[in-house]
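Structure record follows, encoded as structure tokens.
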Amino acid sequence: MADVSTPNPRSLPEKPVLEGLEAKWGQVWDEEGTYTFRRPDSRDEVFSIDTPPPTVSGSLHVGHVFSYTHTD
């Protein structure tokens with residue numbers, strides 16, 4: 001499993017380094033089979049989230065509520 005330990009806050013850069021990030025994690029996910037769908041597995045083991053968290057785009061506002069209520 002990948003090392004996901006919490007880094008020391010004093011060693012964090014002021015801005016994140018994004019170069020190579022997608023390739024790095026893509027390789028980890030491929031090696032671990034993170035997104036591999038295993039059809040023989042029981043349907044009880046399959047989980048899916050069809051709606052992202054309401055505040056993924058910033059602070060909660062009335063538009064987040066509207067996006068849920070108009071579908072009802």
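A few comments on the model shown:
- Scanning segment 1-29 for residues that are modelled with pLDDT under 75 and surrounded by 10 or more Cβ atoms within 10 Å (Cβ to Cβ) turns up just one, Ala2.
- Any hit, segment 51-63, residues being under 17 Å from the mean Cα position of the chain (by Cα) and at pLDDT 85 or above: no
The values are calculated or read from the model by the stated rules, or taken from the named source; none is laboratory data. As the structure is a prediction and not an experimental result, all values here were calculated from the model. Virtual Cβ from ideal backbone geometry, glycine too; neighbours counted across all protein chains shown.
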